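The structure under discussion appears below in the form of structure tokens.
The values are calculated or read from the model by the stated rules, or taken from the named source; none is laboratory data. Please read all numbers here as calculations on a predicted model, not as lab measurements. Note that we place each Cβ from the backbone using ideal geometry, even for glycine, and neighbour counts take in every protein chain shown.
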Amino acid sequence: MTLDIIFPMHAIEILGLEKTYQVGFWRKRRKQALRPLHLTVELGQIFGFLGPNGAGKTTTLKMLMGLVYPTSGSARILGMALDDTRMKAQIGFLPEQPYFYDYLTARELLRYYGQLSGIAAKQLNSRVEMILEQVGLRDAATVQLRKFSKGMLQRVGIAQAILHDPKVVFLDEPMSGLDPMGRFEVRRLIEDLKSQGKTVFFSTHILSDAEALCDGVAVLHLGELRGVAVISELTENVQGKVEIVWQGSSIPEAIPALGGDCRCVGQTVRAVVREEKQDQVLDILRRDHLRLVSVVPVRMSLEDYFVARLGKNDLGEPSKAPPKLNSFSMAGGNRNS
Amino acid sequence: MTSRVLYIAANTFREAVRDRVLYNLIAFALLMSAAAVLVGTISINIERLVVINLGLTTVSLFGMVIAILIGIGLVSKEIEKRTLYTVLSRPVRRWEFIAGKFFGLSGTLVVNTFCMAVGVFLSLLYVSHRFESGDRTVLIALYFIVLQLFIITALALLFSSFSSPLLSALFAFSLFVIGSFAEDLRGFAKMAHGIAGWLASAAAYLVPNFSALNVINQAAHGQHVVFRLIAYNTAYALVYSVAALSGAVLIFERRNLK
Ligand SMILES: Nc1ncnc2c1ncn2[C@@H]1O[C@H](COP(=O)(O)OP(=O)(O)OP(=O)(O)O)[C@@H](O)[C@H]1O
Ligand SMILES: [Mg+2]
């Protein structure tokens, strides 16, 4: 055993992982689901893997789990190769739209998976009961899974992913199919995992979840990595602009003339101007007897970042145009979280 | 062999039981009782012949149908339904999965055959009121049937690792039928010459030799089976099953899951 396995440097190291599917009847056409991907996730981080439908998130996770084989490239988890069973005993995986042996009850399924993961017989019972309680399935423990609702199956999926106390947890869209309470509970659970020192790698479309939870994110689009960002740096990034909101629907002509970008929303007007123009705008509002509501520095939201990265053209240059707000709305996306 | 193989086998057995596979035993029990009662009323000294022939043939056919119908779905169903994702992302090697599935279904078939065997002996007892020394051949015939079931299970696993369930079932059933005439096939092959002869014997020796594993007739007539045949058939079934399973593992190891 090398030192790197005992004290791995990184939780996940993806080294040029690439996947090309051969599609069509004769398997002649090639579909590049993932272009060579390089990505490192540090131990103890919550890492969000973002991208629109078909971006290649699931493909990446399936390769990391050894379910499909990469066309080229490699990856290490906890410093070990992808087919290393010692590593697999220390990771958990929630697939997208999970489905399980429907002739088993939730308790039987977890017991079976616990055995496969090598949980000692003595601890198995208590561990299974604890997890059932944790995901809110204690009352449904003796029901066959064929009678479970979608959200309940998702909970079973989360239960089996954390059952064996793994060091790194991979979750493919953990919030999908859950009711608002369920989503809240999963967010809490992910935070708990972090506080226990675990690494969580999860894919999602829900940017507000990612923004609230993640230490870092990667944005994937059409199989290509478009950016990696640290959330705290991202959202603290004041862009030298302020948003000024006042009541009424009149926009004094002088404000657009100062370069202000004004929008009238119901009985309020929002104007975004450069910081140095702030005092001039406030003077104009005072002169016109308009009632000020708020003055807030504009921060970059994860959605701004996401949209900007998707708009990036294929030559690798970020697009010059500022992202148009709400021009691209993702499910559950929310820039004011 | 690892404990994981046993866990997977046990779960496969549990699935078969919950899918009511063993319900075939009811049909078998009804059939054997009806046959025993019918033959008992005729009573022209062919009771044993009829009961053994009918009983063992049914045991073999029921077993084959179950082995093939379940065997072809063991892997493909798990790929299709994606239940494999959460198994193979655990410390389970792909060969362990195949081995576990094989032992699980084989175990189911052994239990099923055992129950049917009890039924055969009960009807035998009913029609002739005693056991004879020749009945030992019935036991051997049952053992050979189990060996056939192992082979066909391994083959079903092999086919289902690369083709659709329907095609796999077709392949497996064809091999069962062709294999039942393997000895005749080998005879024909010897008569052909040149490349045709060579190909024919290759085919004849490649298909599972189920005719050598079929001693139902000898059992029905109370004839003895030489020990050499038992040893030979055991070794043959072992080698054939392991070869088919290795093929299944080789293909499955490379496979990208859906
Ligand atoms: N087995 C396959 N054969 C051919 N193409 C595939 C296969 N699996 C995925 N793809 C293609 O690879 C691309 C990436 O798919 P993937 O499932 O990884 O996307 P995703 O980011 O998980 O999307 P979503 O958010 O919808 O789950 C898609 O264009 C998809 O059509
Ligand atoms: Mg996906």
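Would a scan of region A:156-171 turn up a residue that is away from chain B (no Cβ under 14 Å) and within 28 Å of residue B:96 (Cα to Cα)? Within region A:156-171 (the criterion being away from chain B (no Cβ under 14 Å) and within 28 Å of residue B:96 (Cα to Cα)), the answer is no, since none of the residues qualifies. When the helices (runs of 4 or more DSSP H) confined to region B:148-258 are screened for residues that are within 14 Å of another protein chain (Cβ to nearest Cβ), those reaching at least 3 such residues are found at B:227-254.
The single condition from (1) aliphatic (A, V, I, L, M); (2) modelled with pLDDT under 95; (3) within 16 Å of ligand 1 (Cβ to nearest atom) that residue A:171 fails is (2). Applying the criterion of at least 2 residues that are among the polar types (S, T, N, Q), more than 10 Å from chain B (Cβ to nearest Cβ) and away from ligand 1 (no atom under 16 Å from the Cβ) to the helices (runs of 4 or more DSSP H) found wholly in region A:39-150 leaves A:121-134.
Checking B:144, B:103 one by one, the residue that is in a helix (DSSP H, G or I), within 14 Å of the chain's Cα centre (by Cα), closer than 28 Å to residue A:115 by Cβ and more than 14 Å from chain A (Cβ to nearest Cβ) is B:103 and no other.
Could you list, in sequence order, all residues of region A:60-94 that are more than 16 Å from ligand 2 (Cβ to nearest atom) and under 13 Å from residue A:13 (Cβ atoms)?
Scanning region A:60-94 gives A:73, A:74, A:75, A:76, A:77, A:78, A:79, A:80, A:81, A:82, A:87.
Whether any residue in region B:59-76 is more than 13 Å from every other protein chain (Cβ to nearest Cβ), assigned to a loop (DSSP other than H, G, I, E, B) and either under 23 Å from residue B:6 (Cα atoms) or not acidic (Asp, Glu) (or both) is what I want to check. Within region B:59-76 (the criterion being more than 13 Å from every other protein chain (Cβ to nearest Cβ), assigned to a loop (DSSP other than H, G, I, E, B) and either under 23 Å from residue B:6 (Cα atoms) or not acidic (Asp, Glu) (or both)), the answer is yes, since at least one residue qualifies.
For every residue, the table says whether it meets (1) closer than 30 Å to residue A:169 by Cβ; (2) not in a strand (DSSP E or B).
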site: A:203; (1), (2): yes, no
site: A:208; (1), (2): yes, yes
site: A:239; (1), (2): no, no
site: A:244; (1), (2): no, no
site: A:249; (1), (2): no, yes
site: A:264; (1), (2): no, no
site: A:270; (1), (2): no, no
site: A:279; (1), (2): no, yes
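For every residue, the table says whether it meets (1) touching a strand residue (DSSP E or B) at 6+ places or on another chain (Cβ under 6 Å); (2) within 16 Å of ligand 2 (Cβ to nearest atom); (3) outside any loop (DSSP other than H, G, I, E, B).
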position	(1), (2), (3)
A:156	no, no, yes
A:184	no, no, yes
A:189	no, no, yes
A:197	no, no, no
A:226	yes, no, yes
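Suppose we keep only residues that are crowded, with 24+ Cβ neighbours inside 10 Å and within 14 Å of ligand 2 (Cβ to nearest atom) within region A:204-224. Which one would you say is farthest from the other protein chains (Cβ to nearest Cβ)? Here the answer is A:220.
Checking each residue of region A:189-202 against the condition of being within 16 Å of ligand 1 (Cβ to nearest atom) and away from chain B (no Cβ under 14 Å) gives at least one match.
On inspection, residue B:5 qualifies as touching a residue at least 24 places away in the same chain (Cβ under 8 Å), part of a helix (DSSP H, G or I), within 14 Å of chain A (Cβ to nearest Cβ) and among the β-branched types (Val, Ile, Thr).
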